[in-house]
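Below you'll find the structure, written out as structure tokens, and then a few comments.
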Amino acid sequence: MKKYRILIIAALGALSVYSCSLVELPVTSGNKALIFGSAQGLEAYSLSFYNQLPSLSELTSGEGTTDYAVGRSVSTFYTSAYTAETSTSWGWGYLRTVNYFIDGIHDEEMCTVSQADKDHYEGLARWFRAYFYYKKLFTYGGVPWFDHCLKNDELDEMYKNRDSRDVIISHIIDDLDFAAEHIRTTSSKSNTRISKNAAYALKSRACLWEASWRKYHNLETADWTANKLYRLAADAAKVIINDPLVQLNNKVCADAYLTDNPSLGAYRSLFYSKDIITDEVILGVQASLLDLVTGDANWYWNSPTYGGCSCLSRAFIFTYLCTDGTPFTDKPAYKAINFINEFAGRDARLAQTVKGPRYEMKGGGWRDRRPNIVDGVAITGYQPIKFVEDSTEKNGTSKNENSQPVFRYAEVLLNYAEAMAELGELTDADWAATIGALRLRAGFQDKPGVTLSKPTKVDKYLQETFYPDINDPVILEIRRERAIELVYEGFRADDLKRWKEGKNFERVPWTGIHVPVLNAQFKVNDDDTQDFYVTYDEYANVPSYAQNKYVQVFPESSAEQGLRLDENPDGGYDLRYEVIVKRKWHDDDRQYLYPIPAEVIREYENHGYKLDQNPGW
């Protein structure tokens with residue numbers, strides 16, 4: 001098999017020269033026979049499709065700046081700087097590779113394998129085509145649909161205008177239905193290969209996206225209503241829910257550095273374990289130091305220069321419930337509760353997502369405990385640990401050995417709960433099996449309105465801060481769970497867009513930890529060390545004992561980018577991060593979709609064709 005794979009890679013050379021082109025380049029009949037003449041050839045070629053999946057580094061590098069993710073710089077897409085002239089990612093190379101393969105399978109003279117083999121490998125290819133178009137759909141909306149590898153003379157097809165959202169979602173669903181029916185793989189070693197469940201998981205994700213887009217953007221059509229798509233999302237998720245081999249992970253993986261590690265629970269283990277946790281992970285990327293498949297999460301999340309210094313806002317930290325199901329924001333004077341006490345009695349995912357008061361990373365003779373506000377890594381004080389290994393020896397390297405999920409069961413449960421709630425059909429039993437199950441893993445008390453049955457009361461803080469137009473307590477709680485469970489996994493920006501909550505990118509405050517006192521030391525963990533000294537003073541003017549704890553804040557009138565202080569009405573102060581280039585959500589809502597790159601529109605025009613631009617760009 002290894003020999004075959006090498007030969008196929010060589011044969012693919014001619015197909016990879018022009019990665020952005022839709023046009024099939026000449027390939028010798030001998031190379032085609034090598035690919036399509038046996039199941040081994042089909043298998044070897046299909047491995048190239050997996051390059052479309054995100055790498056370990058991509059899976060652990062966060063989401064950029066959103067409403068809850070604070071960074072030292074704001075993506076130009078969420079300022080006034082982004083234009084169609086700077087837009088990219090219109091490439092079609094992956095699609096051409098997939099369509100070339102599907103075309104070859106349907107060449108009866110060339111492809112002589114059994115029908116079952118043809119169907120299986122076509123199913124794999126169509127999964128990747130659906131995945132490709134799903135990403136295009138949430139990026140641009142309607143795009144041209146191409147179902148075969150184009151020839152040089154097919155100009156009308158090559159330069160055709162955009163197909164409607166109806167056309168794209170119809171083909172995505174058709175491809176995934178074919179994949180789910182014909183892919184033979186139900187599971188694979190480490191679940192690193194596309195399976196039937198991966199087809200149902202992607203169908204659930206894509207249909208939920210399109211359903212909510214149509215509902216909240218008022219774009220329903222006769223063929224594809226929001227409810228029809230919610231139903232398909234729920235049905236696809238239900239297939240996986242009914243699979244007894246798929247379940248939430250409730251085990252803690254081994255940790256070579258700590259024996260008592262409250263930050264390493266069953267939730268974080270999904271992102272910490274060297275081996276993919278296959279009970280929950282439907283499709284993942286397996287790390288291997290031997291095979292040079294490693295990540296750089298420790299470097300990214302602990303470096304003031306390499307990563308984006310992304311961290312969570314206190315506005316979002318407040319949304320983590322107490323384990324009795326009550327909102328943290330119901331506590332008296334909750335804004336003045338100090339960092340250490342913020343974690344007491346809270347959703348266990350909080351201490352497994354950011355550095356809490358009992359967190360510890362060690363190795364090489366020293367340890368790291370406090371969030372790194374001093375060096376500007378954690379500018380709000382809520383420093384993510386979700387993807388890092390708790391070993392200082394991994395910092396500054398690209399040698400992370402923790403595997404990562406691409407699709408996991410928790411998302412499927414959230415998809416099902418949301419779709420059924422939007423349909424008005426979510427039962428208490430459904431709640432207990434989905435949101436309730438996630439909360440039980442996070443240490444919640446098993447009680448009505450929390451895990452056993454749907455909530456009946458609106459959380460005013462959650463509503464007013466994040467979803468001011470939502471009055472349904474069930475929808476609000478599902479959105480809370482989705483944000484917390486999937487935090488930093490790449491969903492947040494797309495969720496806000498499909499729910500038409502774009503103003504959050506501009507509106508939600510980028511707040512930081514509570515500062516009980518200025519010009520004096522204070523602690524944020526349970527050891528004997530004082531951690532921070534917050535002051536308006538310059539570094540040269542602080543006491544020598546505080547110089548390694550120095551956190552400078554700027555007055556409100558300063559033009560400097562950095563930390564500010566808000567007076568807390570219940571005593572002390574709160575950090576807030578201020579950027580020079582302000583977050584901006586345009587009133588015409590253009591940012592719900594990316595612009596078609598201007599150079600692509602000009603290329604169409606140069607050939608006598610027209611490609612429509614998205615509104616506002």
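Overview of values
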{"quantity": "DSSP bridge pairs, the chain: antiparallel proportion in percent, nearest 5", "calculated": "85 percent"}
{"quantity": "Cα gyration tensor shape of the stretch 47-100, rounded if a/c is under 1.5, else prolate or oblate by comparing a/b with b/c", "calculated": "oblate"}
{"quantity": "DSSP bridge pairs, the stretch 437-574: antiparallel proportion in percent, nearest 5", "calculated": "65 percent"}
{"quantity": "Extension gain from Asp528 to Glu567, taking 0.36 nm per residue of separation minus the Cα-Cα distance", "calculated": "11.3 nm"}
{"quantity": "Global geometry of the stretch 511-578, whether rounded, prolate or oblate, following the gyration tensor of its Cα atoms and the 1.5 cut on a/c", "calculated": "oblate"}
{"quantity": "Amide N proximity, the stretch 105-119 versus Ser38 label position 7 Å along Cα-to-Cβ, cut-off under 19 Å", "calculated": "105, 109-119"}
{"quantity": "Percentage relative contact order, the stretch 106-220, counting C-alpha pairs under 8 Å, at least six apart", "calculated": "29 percent"}
{"quantity": "Cα gyration tensor category, rounded, prolate or oblate, for the stretch 318-370 with a/c compared to 1.5", "calculated": "prolate"}
{"quantity": "Label-point gap, in nm, between Thr139 and Met110 - each point 7 angstrom along Cα→Cβ", "calculated": "2.7 nm"}
{"quantity": "Centroid-to-centroid separation of the stretch 74-105 and the stretch 522-540 [C-alpha atoms, Å]", "calculated": "46 Å"}
{"quantity": "Partner lysines for Lys135 [C-alpha distance under 16 Å; skip if fewer than 8 residues away on the same chain]", "calculated": "Lys203, Lys497"}
{"quantity": "Among beta bridges that DSSP assigns inside the stretch 511-578, antiparallel share in %, nearest 5", "calculated": "80 percent"}
{"quantity": "Sites Asp469 and Ala333 - FRET efficiency at Förster radius 35 Å, r taken between beta-carbons, to 0.05", "calculated": "0.75"}
{"quantity": "Whole-Å distance, taken between Cα centres, linking the stretch 329-366 and the stretch 373-418", "calculated": "16 Å"}
{"quantity": "Relative contact order (%) - criterion: Cα under 8 Å, at least six apart; region: the chain", "calculated": "17 percent"}
{"quantity": "Charge dipole magnitude, Cβ of K and R +1, D and E -1 - the stretch 223-299, Cα centre, debye nearest 20", "calculated": "260 debye"}
{"quantity": "Listed pairs Lys238/Lys503; Lys386/Lys447; Lys355/Lys503; Lys228/Lys457; Lys500/Lys582 exceeding 24 Å between Cα atoms", "calculated": "Lys238/Lys503; Lys386/Lys447; Lys355/Lys503; Lys228/Lys457"}
{"quantity": "Charge dipole (debye, nearest 20) of the chain; +1 at Cβ of Lys and Arg, -1 at Cβ of Asp and Glu", "calculated": "780 debye"}
{"quantity": "Expected 222 nm ellipticity per residue - DSSP helices of 4 or more, -39500 (n - 2.57), all of the chain, to 500", "calculated": "-10500 deg cm²/dmol"}
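Values in this text are rule-based calculations from the coordinates and carry no lab data. From a predicted model like this one, the values you see are computed outputs, not experimental measurements. Here Cβ is always computed from backbone atoms with ideal geometry, including for glycine, and neighbour counts include all displayed protein chains.
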